[in-house]
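See structure below.
No value in this document is a laboratory result; all are computed from the given coordinates. Everything numeric in this text was worked out from a predicted model, so none of it was measured. Neighbour counts run over all protein chains shown; Cβ positions are idealised from the backbone, glycine included.
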Amino acid sequence: MFAHLTRFRESATVAHVLPLAVFMLLNSVPGWFRIENPELPWYRQAPEHWLYPLQTFLTGGLLLFFARHYRLAPWRGLGLAAVLGLIGIAFWVAPAWLYERLVASGTPLPGWVEWLGLVERKEGFNPEVLSAWPAWQGASLGMRFVRMVVVVPLIEEIFWRGFLMRYIGAGERDWQQIPFGLHSWRVFGVVTLLVMLAHNPVDYLGAFVWGGLVYFVAVRTKSLGACVFMHAVGNLALGLYVCQTRQWGFW
């Protein structure tokens with residue numbers, strides 16, 4: 001058993017793919033437990049408030065388990081990464097910001113604008129559900145930021161940039177022999193398209209632009225750490241924006 005576990009742990013491919021795969025699988029779990037009934041306790045109405053922390057700990061544990069395979073260094077281009085992270089998130093939330101102002105002004109909107117992200121974003125992970133339990137509310141909100149600022153940037157960039165960019169560009173070669181950040185328009189198109197499709201349709205435009213910006217950082221800096229840092233800065237800005245505007249649908 002331990003021999004199998006050792007071989008499993010030594011696989012660089014598993015190390016780069018499994019954390020995100022487990023994370024995405026667990027994203028569907030809250031729907032299994034949710035019951036829409038205001039008379040029920042919060043953990044039945046909004047199971048994501050206890051399932052997301054479990055998801056965070058589990059995928060974080062996988063990152064630690066496989067840590068020997070991840071090469072974030074060199075840590076360079078962090079200023080560029082931070083600026084593009086903020087620009088990318090600003091572009092992502094701009095359609096919803098515009099939507100609220102158009103609706104407030106009474107401007108009629110055709111249905112197709114949803115594909116550009118012009119929709120209401122009020123429904124989502126709402127910490128106000130726990131307002132009657134301040135301790136649980138604070139813990140849930142804190143874990144939400146750990147999830148989006150620490151765990152998500154790592155598991156996503158390790159997979160998209162650390163593995164998939166190199167795997168697609170490898171052809172018949174071992175993907176680990178491909179230098180990080182090697183440019184190819186084919187790689188750009190495939191990876192950025194898949195990043196887009198991994199999100200909800202209303203987020204396609206924002207996700208495509210975001211994916212393109214992170215690709216640029218990867219190629220420009222040759223640093224996986226810079227990509228992770230960009231993602232962390234962007235997600236932190238998004239989390240603060242969501243808490244300020246209560247557009248819970250963004251997270």
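When the Cα convex hull of the stretch 1-146 is projected onto planes of every orientation, the mean area is 13.9 nm².
Using the Cβ of residue 164 as centre and a radius below 13 Å, the other residues enclosed give a net charge of +1, where K and R count +1 and D and E count -1. Spin-label model, residue 78 to residue 4: label points 7 Å out along the Cα-to-beta-carbon direction sit 4.2 nm apart.
When you filter the chymotrypsin sites (Phe, Trp or Tyr not before Pro) in the stretch 1-101 for DSSP loop state and at most 16 other Cβ atoms inside 10 Å of their Cβ, you are left with 75. The stretch between residue 57 and residue 39 holds 3.5 nm of extra length on full extension. This uses 0.36 nm per residue minus the Cα-Cα distance. Note: the chain, Cα convex hull, 155 Å³ per residue. In the elastic network of the chain, a GNM with C-alpha springs shorter than 10 Å, the most mobile of 138, 171, 181 is 171. Residue-wise HN-Hα couplings along the stretch 198-208, as the Karplus relation 6.51 cos²θ - 1.76 cosθ + 1.60 with θ = phi - 60° gives them from phi, are 6, 10, 5, x, 5, 9, 4, 5, x, 5, 5 Hz; Gly and Pro carry x. Loop sites here are GluC sites (Glu not before Pro) outside DSSP states H, G, I, E and B with no more than 16 other Cβ atoms within 10 Å. The longest part of the chain free of them is 40-119. Springs between Cα atoms under 10 Å define the GNM used for the chain, and in it the highest mean-square fluctuation of 24, 230, 143 occurs at 24. Cβ-Cβ distance of residue 102 and residue 132, R₀ of 35 Å, FRET efficiency by 1/(1 + (r/R0)^6): the value works out to about 0.50.
Report, in whole Å, the centroid distance computed from the Cα atoms of the stretch 99-119 and the stretch 194-223. Rounded to whole Å, the Cα centres lie 24 Å apart. Here is the list for the stretch 148-237: trypsin sites (Lys or Arg not before Pro) lying in DSSP coil, each with at most 12 other C-beta atoms within 10 angstrom of its C-beta, are 173.
Close amide H contacts of residue 251 (hydrogens built in the peptide plane, cut-off under 5 Å, sequence separation of 5 or more or a different chain): 125. Loop-located trypsin sites (Lys or Arg not before Pro) in the stretch 65-120 (DSSP state other than H, G, I, E, B) with a sparse environment of at most 15 neighbouring Cβ atoms within 10 Å: 71, 76. The sum of -39500 (n - 2.57) across all DSSP H runs of n ≥ 4, divided by the residue count of the chain, sets its helix-only mean residue ellipticity at 222 nm to -20000 deg cm²/dmol. Phi angles across the stretch 77-90 convert, under the Karplus curve 6.51 cos²θ - 1.76 cosθ + 1.60 with θ = phi - 60°, into 3J(HN,Hα) values of x, 5, x, 4, 4, 5, 4, 5, x, 5, 5, x, 5, 4 Hz, Gly and Pro given as x.
The slack in the chain from residue 26 to residue 146, taken as 0.36 nm per residue of separation less the alpha-carbon distance, amounts to 41.6 nm. Model label points for residue 64 and residue 139, set 7 angstrom from Cα along the Cα-to-Cβ axis, are 1.8 nm apart. Between residue 176 and residue 240, how high is the FRET efficiency from 1/(1 + (r/R0)^6) when r is the Cβ-Cβ distance and R₀ = 25 Å? Nearest 0.05. The pair residue 176/residue 240 has a calculated efficiency of 0.10.
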